[in-house]
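Taken together, the values in this text are just the output of simple stated rules run on the coordinates, not laboratory data. What you see is a predicted model; the values in this text were computed from it and never measured. Ideal geometry is used to build each Cβ from the backbone, glycine not excepted, and the neighbour counts take in all protein chains shown.
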Amino acid sequence: METALIELSKAYLSGVFALVAALAGALLALIGVAITNYFSTRNNNKNLFIGTVTKERATWRGEMRTHVACFLQRGPPASSFFNVSYHSTAT
């Protein structure tokens, strides 16, 4: 009877250790998933920001090209800064 009780205790302890090991493995997996999710979200947010800034810069460049082309088509103003002649006042 004692040997059966000892065998039952060994089986019980073995089951408890298996349960603890399974729970520890599940907890480690959960922590790993949480860390991966954190870094993936952070990288995705950075990539989204970079993509948005790049797109807006391209739009801005296009608008600037249009404005500069319109400005250059008008020609120089009547009193251009570069056409001002300076007279020497020294005699």
Fraction of the pair-distance distribution of segment 2-73 above 15 Å, Cα-Cα pairs, percent: 76
Integer Hz, Karplus 6.51/-1.76/1.60 couplings in order for segment 42-57, x for Gly and Pro: 4, 5, 5, 5, 5, 5, 5, 4, 4, x, 5, 5, 4, 5, 5, 5
Separation of the residue 13 and residue 38 label points, Cα + 7 Å toward Cβ, nm: 3.8
